[in-house]
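Throughout, read-outs are computed from the coordinates displayed, never taken from laboratory work. Treat the numbers as computed from the prediction; the structure is a model and nothing was measured. A quick note on method: Cβ atoms are made from the backbone with ideal geometry, for glycine too, and the neighbour counts reach across all protein chains shown.
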Amino acid sequence: MIVGEVLQRASEKYKEKTALIFEDKKMSFNELYRRVNRFSNGLINLGITKGDRVAIFLPNSLEYVISYLASFNVGALVVPIDITSKKDGVKNILNHAEVSMLITKSSKRLPLAMVKDEAPCLKDIILCESRQDGYLSFDSIIEEASESPLQVKISEKDHCAIFYTSGTTGSPKGILWNYRHLDQSPRFFNLLLPITDRDVKLCAVPFSHAGGLVYIQNCIVYGITIVIMSRFVPSEFLRNVEKYKVTCFHVVPAMFVAFVQLKELEKYDLKSLRWVVVFGAPGSEAILKRFGAYCSKTLLVNGYGLMETAPPNTVCPLDKDKLASVGKPPPWIDIKIVNEDGKAVPIGEVGEVTIKGWVVMEGYYKEPELTARVIKDGWFYTGDLGMIDDDGDLFIVGRKKEVIIVGGLNVYATEVEEALYSHPEVMEAAVIGVPDRMRGEIVKAVIVKKPGRELTSLEIISYCRNKLDNFKVPRVVEFRESLPKTGSGKVAKRLLE
């Protein structure tokens, strides 16, 4: 994707139509195009050239969208950094990616003097929302630069971004994309998810995640309006659906669970919704059905995708009532389920999900050995366990590292979590394995109760005995006020042990 050309076409076609809404401030396609051109020229005036790294450490905002598009426009590599990252994590990413320019805002969590001192590759810091001596101003750059379109030659093979994983099971890794990867999401939506320039999408997924970038791509390619939330707040999310007549959105399961479980769900008018997709990890079928009971005319499906394979990668057809499945990939993506030896398993058997096609990342940045372990003969080994049924639909059953082996028998965490979510008093649930002298491992459930509800460990165990085989029943139950999450909304299970 040549972002400058796509944005120019959107500006010519949609002109003063609203492209972005943030905190009630609206920006048209024309204004977005002008501001991106100005910021692009500003970056060039500051010495940013094709191939330089530009990091963005911001909450979702209009400035984030402009920074993304302008960086792509000049042929730079965007390095989006999770806004929940600690200062040492930010510093490590800046140094690992050899970032030349950082776009951020003044905050106590990121001491700018420390960043300057400890990130030697960094030439400049651009501040949004404030002006300080010693730092560049985002607004000043836009005010002073030209609106002229750029003439930078960009190939689809050129690198465009380094996404650092939120690390649910290990340390963050830099996922390297090229400009062709930016074509995946628009092509996917065009074929598998109906979207038109009449749609309004609500984005609470962080722009630092590839799932957040999808919203921006939808906007400039299809001329839709994006309502941006700086952070996810369940009640505010539903309020925005009602206020702006939102027609569709995609979220990660933790976000979906959070707003579906709200007591006041039924007080919001959600009739404008055409479809909702839960992407990123298996969605609880019980929770999906709970939403469907209230929004009976909204098409609700599961999907699947990874940052290593330019998501989304699969989605269940909207006309298919198969909530447990994440569906099929488009024709340009191949998916195969393999055993430990890398051999395809029979239909209906569980194995590791592997993905092949031009959507597979270039590799992990500066990690050739790690890349070689996960990309074999063009197939990316996802670490996810799944199976394909007779219809060719994919089902995700869990992470390979999350299989709990109880007395030699495999327990998939997602199956136990599904049972727990069906309990009327459970708000959130996560399952892990813990060591046991007799069985090797046993199942531990970590549960967040619905507000004001009473629930005991014995009640949970008894409930699960009616739902699951005996060896799958949790033997340890822990109640918490909340589950630890990564910046992209996934449960950080390593913090539950």
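Just a few scattered comments:
- For segment 339-497, the Rg and Dmax computed from alpha carbons only, in angstrom: 17.9, 53
- When Rg and the Kirkwood Rh are both derived from Cα coordinates, the Rg/Rh ratio for segment 185-305 amounts to 0.92.
- Positive-end residue, the chain charge dipole about Cα centroid, Cβ charges, pick of Ser185, Ile103, Leu265: Leu265
- More than 23 angstrom apart: percent of Cα pairs within segment 232-399: 44
- Size of charge dipole - the chain - debye, nearest 20, with Cβ of Lys, Arg +1 and Asp, Glu -1, no other charges: 580
- Cut-off 17 Å (backbone N to label point 7 Å along Cα→Cβ of Asp139), residues of segment 38-55: 39
- Helix 29-45 and the longest principal axis of the C-alpha atoms of the chain enclose an angle of approximately 70°.
- Shape class for segment 1-77: oblate, because the ratio a/c of the largest to smallest gyration tensor axis (alpha-carbon atoms, square roots of eigenvalues) is 1.5 or more and b/c is at least a/b.
- Aspartates and glutamates whose Cα lies under 14 Å from that of Lys322, excluding same-chain neighbours fewer than 8 positions away: Glu285, Asp389, Asp390, Asp391, Asp393
- In the chain, taking the dipole from charged Cβ atoms about the Cα centre, the farthest positive-side position among Gly452, Val276, Val426 is held by Gly452.
- Ratio of Rg to Rh for segment 29-153: 0.94 [Cα atoms; Kirkwood radius as inverse mean 1/r over pairs].
- GluC sites (Glu not before Pro) within segment 131-213, DSSP loop, no more than 14 other Cβ atoms inside 10 Å: Glu147, Glu156
- Net charge dipole, segment 232-399: roughly 780 debye, given to the nearest 20, about the Cα centre with Cβ charges of +1 for Lys and Arg and -1 for Asp and Glu.
- Set of segment 338-359 residues, backbone N closer than 18 Å to the point 7 Å along the Cα-Cβ line of Lys376: 338-346, 350-357
- Dipole in debye (nearest 20) - segment 1-138, about Cα centre, beta carbon charges: Lys, Arg +1; Asp, Glu -1: 200
- The convex hull around the C-alpha trace of segment 136-239, projected and averaged over every direction, spans 10.2 square nanometres.
- The loop-placed trypsin sites (Lys or Arg not before Pro) in segment 384-443, going by DSSP, that have at most 11 neighbouring Cβ atoms within 10 Å of their Cβ come out as Arg437.
- Contact order, relative form, for the chain: 11 percent (alpha carbon pairs under 8 Å, 6 or more residues apart, mean separation divided by residue count).
- Förster radius 30 Å - calculated FRET efficiency between Val403 and Thr84, Cβ distance, rounded to 0.05: 0.60
- Exposure proxy shown here: for Val350, Val411, the number of other Cβ atoms within 10 Å sets the order, fewest to most, as Val350, Val411.
- With the Kirkwood sum run over all distinct C-alpha pairs, segment 403-495 has a hydrodynamic radius of 13.5 Å.
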